[in-house]
Every structure is written in C-alpha cells, then in structure tokens.
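Here the structure comes first, spelled out in structure tokens, and everything after it is commentary.
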Amino acid sequence: MSFCCLGESLGHIFLAGLMGCGKSSLARRIGYAFRLPVYDLDQRLETKYGIPIAQQVQEQGWIGFRQREWEELQLVCREPKGVVALGGGTLTIKGALTEIHRAGFSIFLDVSIPVLCKRVGNNPKRPLIAGCNSPAEVESLIRKLREERDRVYQGCDAIIFIDEDEPVTITTERLIALINTAKTQQ
C-alpha cells in the first residue's frame, strides 16, 4: 500500500454506515495509508466507560448511549486530523452531521443488505441485533435500519458502494482515490 499525503483543508475523514459495513477495518487501513491517527467511536466509548457498547445500551438505554456518543463525537472533532470510524447510528443524533461537515469529509460506506447480514450474523456484541432469534429477523432489522437511516447517510459528502466480492485492498484503494479527488476539489 502506498502512502499518501492528506491536504490540510480536508480535515477529518469520517466513515459512516450500518453495522458490518467495514467502518473500523477501513478506518485503520485509510489511517495507515495517509499516516493519520484513527479514532473509532465505539472503541473510545468502550475504553472510556470500561464496558462493551451492548452493556452501555443496556444500562443507559438508547437515549443515554446516544448522548455519550454525541459527547465523544464532539471530543473527536477537536482531536488532531484523523480517520474516524463512526458508530452505525451516530448520524441519527441531532446535529451530528452538521458537526461532521464542519470538521471534515464524510463517506457513506454503502453495502448491500444481504452482505451486511452475512457479516453481522447474530453477534450478541451488536446491541441492535442481540434480540434477534433468526437470520430472517436480522435481515428484517437491517432493512428497517437502512430505511430509517438512509436519509442521513445520503447527507454524507461522498458515497462508495462496497461489493461483497471486492477484496478489502481494492476497497481501500478506491477510498484513497475518492479522498484524493475530494482534497483536490477543495
């Protein structure tokens, strides 16, 4: 993988999308390519509070968790320029997309529902699907989330479709090209 230089004007690079779309793994790869720090919102929250996201949601409820997520997003936006893996629902927080647009460049990682279902399975670490009892229930939930969140995801600065058969190295190179194009247009 070649190293790239990210211009000062682009700010943070935010990766958004549904659970299982590859935000965390692609953030690490993009951070490495641009020699930038990586900020994973879910990881930061787990480290800060010392418990998994699923347990935070269980203890705080969704409203309490989203408040924590909003506060952490604001902190990340003040950190040195880097690559940010957002939580799957971060953009649903009122004001989040405005904050993200102010702080940098956002990319929606658009992955098909069947691929997302295959990737997330019935993982109890993912609080939204913890109560699902079958693959059909997982698929139904992911479809519902996609419909509910599509409007905010479409508000990102760029969208990249990720195909199931595409190797992660190719996806990474496409993201690098997209980011390089964006920085030349700023």
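In this label model, I113 and D150 are separated by 0.9 nm, measuring between points 7 Å along each Cα→Cβ vector. Free of any trypsin sites (Lys or Arg not before Pro) that DSSP assigns to a loop and that have at most 11 other C-beta atoms within 10 Å, the longest stretch within the chain is 95-186. Here the Gaussian network model covers the chain, with springs between Cα atoms less than 10 Å apart; of I107, I51, I93, I51 fluctuates the most.
Using Stokes-Einstein with the Kirkwood hydrodynamic radius over Cα pairs, what translational diffusion coefficient do you get for the chain at 20 °C and a viscosity of 1.002 mPa s, in µm²/s rounded to a whole number? Working shown, then result.
Working: Rh = 16.8 Å.
Taking Rh from Cα pairs, D becomes 128 µm²/s.
Using a simple spin-label model with pseudo-atoms 7 Å out from Cα toward Cβ, D163 and E46 lie 3.1 nm apart.
Hey, what's the Cα Rg ratio for segment 76-186 versus the globular rule of thumb, 2.2 N^0.38 Å?
Details: Rg = 15.4 Å, N = 111, 2.2 N^0.38 = 13.2 Å.
Cα Rg divided by the expected 2.2 N^0.38 Å: 1.17.
Between A177 and Q58, the modelled label-to-label distance comes to 4.5 nm, taking each label 7 Å out from Cα in the direction of the beta carbon.
Just so you know, all these numbers are worked out from the coordinates, no wet-lab data involved. Quick caveat, the model's predicted, so the values are computed rather than measured. Glycine also receives a Cβ, built like all others from the backbone with ideal geometry; neighbour counts cover every protein chain displayed.
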